[in-house]
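Chemist: One structure is given below, represented as structure tokens, and several questions about it will come after.
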Amino acid sequence: QAEDGIRDVAVTGVQTCALPIWLFIAPLGSIRMDVSIIILNWNGLTLTRDCLEAISQNTAEVDYEVILFDNGSEEQGVKELVAATPRARYLRAEINQGFARGNNLAAKQAVGNYVVFLNNDTVPKRGWLSALLDCARGQA
């Protein structure tokens, strides 16, 4: 457990972290993949499941990771959901860190060239991430 109370658990061979997103992309520099998608969860297992499923089904054209930050949730099953999600990593705070701090803690773990903060009630459609990347790269 880190000094700020956050545990990072590697699952499915790829680390995951989560931050809420407002469809905002910030360039971070070249590391390992195109995009780190950060999703923040607080007692929203059903919404988070729908979001992760939509990302998995509609984001094949971009090299990405998902970082799910469980922000002091009391619900069970989030860690297992992330473990069953390809390209996902799980971070958890025992005590709710708030929206901004939770996102910032997750963003510190990102390895993408860009970071996308996605709310867990978002259900992305096919091509969503490539369109954002095109815009960020000035190709839109």
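The values are calculated or read from the model by the stated rules, or taken from the named source; none is laboratory data. Since the model is a prediction, treat every value here as computed from it, not as a measurement. Because the Cβ atoms are built from the backbone with ideal geometry, glycine has one as well, and the counts that use them run over all protein chains shown. Keep in mind that these areas ignore ligands, DNA and RNA; they rest on the heavy atoms of the full protein, side chains included. Shrake-Rupley method; radii C 1.70, N 1.55, O 1.52, S 1.80 Å.
Chemist: Just for strands (runs of 3 or more DSSP E) wholly inside region 53-140: which have at least 1 residues that are closer than 14 Å to Val35 by Cα and over 12 Å from the mean Cα position of the chain (by Cα)? Write out each step before concluding.
Modeler: On the way: elements: 64-71, 88-93, 112-119.
Strands (runs of 3 or more DSSP E) meeting the threshold: 112-119.
Chemist: Then there's this: Quick check, is Glu53 among the acidic types (Asp, Glu), open to solvent by 10 Å² or more (accessible area, probe 1.4 Å) and at pLDDT 95 or above?
Modeler: Details: among the acidic types (Asp, Glu): yes; open to solvent by 10 Å² or more (accessible area, probe 1.4 Å): yes; at pLDDT 95 or above: yes.
In short, yes.
Chemist: Could you grab me the full set of residues in region 70-117 that are in contact with a Cys (Cβ under 6 Å, 6 or more places away or on another chain) and crowded, with 24+ Cβ neighbours inside 10 Å? Before the answer, list the steps.
Modeler: Of all residues in region 70-117, those in contact with a Cys (Cβ under 6 Å, 6 or more places away or on another chain) come to 89, 91, 106, 109.
Those that are in contact with a Cys (Cβ under 6 Å, 6 or more places away or on another chain) and crowded, with 24+ Cβ neighbours inside 10 Å: Arg89, Leu91, Ala106.
Chemist: Being modelled with pLDDT under 95, farther than 16 Å from Gln109 by Cβ and hydrophobic (A, V, I, L, M, F, W, C) narrows it down to one residue among Trp42, Trp22; which is it?
Modeler: Values: Trp42 fails: modelled with pLDDT under 95.
None of the other options fit; the residue is Trp22.
Chemist: When the residues of region 41-50 are narrowed to those that are open to solvent by 10 Å² or more (accessible area, probe 1.4 Å) and assigned to a helix (DSSP H, G or I), which ends up nearest to Val123 (Cα to Cα)?
Modeler: Top of the filtered list is Asp50.
Chemist: Output the residues belonging to region 58-80 that are within 16 Å of Leu129 (Cβ to Cβ) and without any contact (Cβ under 8 Å) to a residue 12 or more places away in the chain. Break it down into steps so the answer makes sense when it comes.
Modeler: We begin by selecting, within region 58-80, every residue within 16 Å of Leu129 (Cβ to Cβ); these are 58-67.
The one that is within 16 Å of Leu129 (Cβ to Cβ) and without any contact (Cβ under 8 Å) to a residue 12 or more places away in the chain: Ala60.
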